[in-house]
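Since every read-out is calculated from the coordinates, none of them should be taken as a lab result. As the structure is a prediction and not an experimental result, all values here were calculated from the model. Virtual Cβ from ideal backbone geometry, glycine too; neighbours counted across all protein chains shown.
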Amino acid sequence: MSTRCAAALNAALAEALERWDETLLLGEDLADPYGGAFRITRGLSTRFPDRVLSSPISEAALFGVSAGLALRGRRPVLEIMFGDFITLGLDQVINHIAKFREMYDEQVRVPLVVRTPMGGRRGYGPTHSQCLEKLLVGIPGLTVVAGSEYHDLHRLLLAAIASDDPVFFIENKLLYSRFQQRGRDGRLGPFLWEEGDSTYPTVQLRAADRCSVSVVTWGGMAHLARQAAEQLAIEHETMIEVLILSRLAPVDLTPLLASVRRTGALVVAEEGTLTGGVGAEIVARVQHEAFSSLRGPARRVAARDAVIPAARHLEDAVLPQVEDITDACLAAAAGTEH
């Protein structure tokens, strides 16, 4: 029986608390009966009352306290209630947490995990709906992981907590109620399935043995990319490969380059805003390494460069939809030769 993504994350946190005495959970309203804004820590403060700590509303203080705990040998897992609020701690992330290991010549480590939900499509408005991964991926010393229902979330989160270096663990808000989608015997439904063997693997879904477009995505957009793959196959007889990243920084280009060399076309789909997005970096690096393999220019699908409205119909107009992915794939499939 499939496990809901929220339950997988909760089980991973429980296992970390059981396995590593130095593990602590910190954040706003984590304690029972609330269990966090999205209930991911439900039940854990009852089981581990001294190690699940609900805090005052001060993200800057939370980052500072968590960094200090990590430097003192603890393994804190910090929950920031909404990803929009990570900005309140970015000075400490950029100038302290991500730098201490190299600044002090490998004499200290910062084994800190920051869990935070990001993304829209719930009508939460401008300051509770953003995808801000692009603010994080350019920070040296920081690992950025984005979970999806196609990855083993339990294993991903445990790997992040086991790391001796700082990790941001991004969870799309719509992920929590979905069930894990894991391949078996090389297939997931109508798709061919392949998963890398790295700590933070890339999952590949292929509509056929031979495909004409590679779609790179992550997090909440993976769900839309799969829908686009089904729609393109049924309605347009266009077969695509969907590559679902789990690690955004440092990104592993190997599976992406192999896919583009097979298909000859690239589309990158993200929920964050277009300008300066993670997709821009991926496109630039793939084109640098595999330009001769591309039939035409790479395409990007992303949110409009606008504030996210609270009204759902306006929110839908700002955020990327399945049709945006299908349109980009059809254009990429018909790309002209260089």
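Points worth noting:
- Extreme residue, surrounded by the most Cβ atoms within 10 Å (Cβ to Cβ), among residues of segment 96-110 that are among the aliphatic types (A, V, I, L, M) and closer than 11 Å to ASP165 by Cα: ILE97
For (1) touching a helix residue (DSSP H, G or I) at 6+ places or on another chain (Cβ under 8 Å); (2) assigned to a helix (DSSP H, G or I), each residue gets a yes or a no:
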position	(1), (2)
LEU243	yes, no
VAL251	yes, no
LEU257	yes, yes
GLY276	yes, no
ARG285	no, yes
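- Qualifying residues in segment 271-293 (those that are out of contact with any Pro (no Cβ under 7 Å at 6 or more places or on another chain) and closer than 12 Å to SER129 by Cα) - the one surrounded by the fewest Cβ atoms within 10 Å (Cβ to Cβ): THR273
- Segment 186-210: number of residues that are exposed (fewer than 15 other Cβ atoms within 10 Å of the Cβ) and of a type in the set (Asp, Glu): 2
Yes or no, residue by residue, for (1) outside any helix (DSSP H, G or I); (2) crowded, with 16+ Cβ neighbours inside 10 Å; (3) of a type in the set (Phe, Trp, Tyr):
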position	(1), (2), (3)
ARG261	no, no, no
ALA269	yes, yes, no
ARG295	yes, yes, no
VAL307	yes, no, no
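Condition check ((1) over 22 Å from the mean Cα position of the chain (by Cα); (2) not basic (Lys, Arg)) across all residues:
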residue	(1), (2)
THR87	no, yes
LEU90	no, yes
ASP105	yes, yes
ARG109	yes, no
ARG121	no, no
TYR124	no, yes
LEU132	no, yes
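Let's see how each residue does on (1) under 22 Å from GLN321 (Cβ atoms); (2) among the charged types (D, E, K, R):
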{"site": "PHE82", "(1), (2)": "no, no"}
{"site": "ILE97", "(1), (2)": "no, no"}
{"site": "PHE100", "(1), (2)": "no, no"}
{"site": "MET103", "(1), (2)": "no, no"}
{"site": "VAL114", "(1), (2)": "no, no"}
{"site": "MET118", "(1), (2)": "yes, no"}
{"site": "ARG121", "(1), (2)": "yes, yes"}
{"site": "GLY125", "(1), (2)": "yes, no"}
{"site": "LEU135", "(1), (2)": "no, no"}
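- Residue list for segment 13-31, restricted to those being outside any loop (DSSP other than H, G, I, E, B) and either touching a Lys or Arg at 6+ places or on another chain (Cβ under 8 Å) or closer than 19 Å to SER55 by Cα (or both): LEU13, ALA14, ALA16, LEU17, THR23, LEU24, LEU25, LEU26, GLY27
- Where PRO126 falls short, out of the listed (1) outside any strand (DSSP E or B); (2) surrounded by 21 or more Cβ atoms within 10 Å (Cβ to Cβ): (2)
- Residue match in segment 101-123 (condition: in a helix (DSSP H, G or I) and farther than 21 Å from ARG247 by Cα): yes
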